[in-house]
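Notes follow the structure.
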Amino acid sequence: MAEAPLLDTFGRLHDNLRISVTDRCNIRCFYCMPEDGVKFMPRQEILSFEEIARVARVAVSMGVRKLRLTGGEPLLRKDLPVLIEKLTAIPGVEDIALTTNAVLLSDQAADLYKAGLRRLNVHLDTLDRDRFFQITRRDDFNKVMAGIDTALSLGFGPIKINAVAVKNLVEPDIVPLARFGRERGIEIRYIEFMPLDAQGIWDKAKVLLQDDMIRLLSTAIGPLEEIPDRDPRAPASEYRFADGVGRVGFISSVSHPFCLNCNRIRLTSDGKLRYCLFAIEETDVKGLLRGNASDDEIRATIRETVTRKWIGHEINSQKFVAPPRPMYSIGG
Ligand code: SF4
């Protein structure tokens, strides 16, 4: 009997699984984690590639079609191409993407490409080396740029740049990033700063809003035309420049929430299922994996997780409670 589609109680179909393969990271973005004293999860708590592939295979049997690998920084996970080969071999998987800070990309791009990966999102907030250091507390700007060049030369695509938009910090970067993307055929995704940081520094006043960025871009480069939703469930609203050169996207959880079309569930590196980036509760699947549970038991747990999914985050309401788990151990 065919598996029923993975619908939540609001009728949203879930076909996108985001998989965090590690909580470790090799940079320290101030809006994500403290510079020192971060306690990462012990290795034995982290799912093996076989365990990740099993959850993915079961999820695909329930209608999941898109997989995204995240971290922390996923390229810190040794032999990641092995996992990518396992995931690309699952019948029914239509798309695999990776979100990386690209610090290690130059060294690993060829093997990732050989393993079947094509789609990359590179996290980069600025093209200014000093501001990169100010944001990440690491002097790895040149490595990131080299990583992007290597990926372009190898034929990865689409390549998108995810830029977190913190107000009174990255305004000078909005236009240069768009120009960089126009020159290289890379779509820039501006992400409104979200309350997911480990230190609790988020404040709505620190969010550079989509409309502010559109004003900056239109004034400096030219008019932007909104692209009709190719996939209304994709988080970004997309625009093209009227002169036909280049596209930008906005992931605007604060000013333009998109939860009503959400199609995503998440698997953390320590084996927890999360129905939302901001979820307070999560469901353990590692115990099932290591307790010889059947695929049907894992299916039931995935379905139960989706059935319990709320309508969406409450960032703009008094009721908002930041999730106990910080961004670096959830993954984008
Ligand atoms: S905030 Fe949660 S419900 Fe809303 S789009 Fe993101 S993951 Fe989906």
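The values are calculated or read from the model by the stated rules, or taken from the named source; none is laboratory data. Values in this document were obtained by computation on a predicted structure and should not be read as measured data. Positions of Cβ are generated from backbone atoms using ideal geometry, with glycine treated the same way; all protein chains shown enter the neighbour counts. In case anyone asks, the SASA skips ligands and DNA or RNA and just uses the protein heavy atoms, side chains included. Shrake-Rupley method; radii C 1.70, N 1.55, O 1.52, S 1.80 Å.
Structure above, values below:
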{"quantity": "Top-ranked residue of the stretch 192-225 - restricted to ones that are over 25 Å from Arg28 (Cβ atoms), among the β-branched types (Val, Ile, Thr) and open to solvent by less than 50 Å² (accessible area, probe 1.4 Å), ranked as farthest from the chain's Cα centre (by Cα)", "calculated": "Ile221"}
{"quantity": "From the options Arg189, Arg215, Arg138, residue that is under 19 Å from Leu104 (Cβ atoms) and not small (Gly, Ala, Ser)", "calculated": "Arg138"}
{"quantity": "One residue from Pro228, Pro235, Pro326 being surrounded by fewer than 21 Cβ atoms within 10 Å (Cβ to Cβ) and over 20 Å from Leu47 (Cβ atoms)", "calculated": "Pro228"}
{"quantity": "Within the stretch 40-66, considering residues that are surrounded by fewer than 17 Cβ atoms within 10 Å (Cβ to Cβ) and acidic (Asp, Glu), the one farthest from Ile19 (Cα to Cα)", "calculated": "Glu45"}
{"quantity": "Residue in the stretch 106-123 that is in contact with a strand residue (DSSP E or B) (Cβ under 6 Å, 6 or more places away or on another chain), open to solvent by 40 Å² or more (accessible area, probe 1.4 Å) and within 24 Å of Pro34 (Cβ to Cβ) present", "calculated": "yes"}
{"quantity": "Some residue of the stretch 270-277 being over 19 Å from Asp125 (Cβ atoms), more than 9 Å from the ligand (Cβ to nearest atom), crowded, with 16+ Cβ neighbours inside 10 Å and hydroxyl-bearing (Ser, Thr, Tyr)", "calculated": "no"}
{"quantity": "Only one of Ile84, Ile161 that is open to solvent by less than 50 Å² (accessible area, probe 1.4 Å) and assigned to a helix (DSSP H, G or I)", "calculated": "Ile84"}
{"quantity": "Residues (polar (S, T, N, Q) and more than 16 Å from the ligand (Cβ to nearest atom)) located in the stretch 296-322", "calculated": "Thr301, Gln318"}
{"quantity": "Test: residue in the stretch 288-295 that is open to solvent by 30 Å² or more (accessible area, probe 1.4 Å), more than 16 Å from the ligand (Cβ to nearest atom), aliphatic (A, V, I, L, M) and not in a strand (DSSP E or B)", "calculated": "yes"}
{"quantity": "Scan of the stretch 67-78 for residues that are open to solvent by 30 Å² or more (accessible area, probe 1.4 Å) and either within 14 Å of Asp270 (Cα to Cα) or free of Cβ contacts under 8 Å to residues at least 12 places away in the same chain (or both), ordered by number", "calculated": "Arg77, Lys78"}
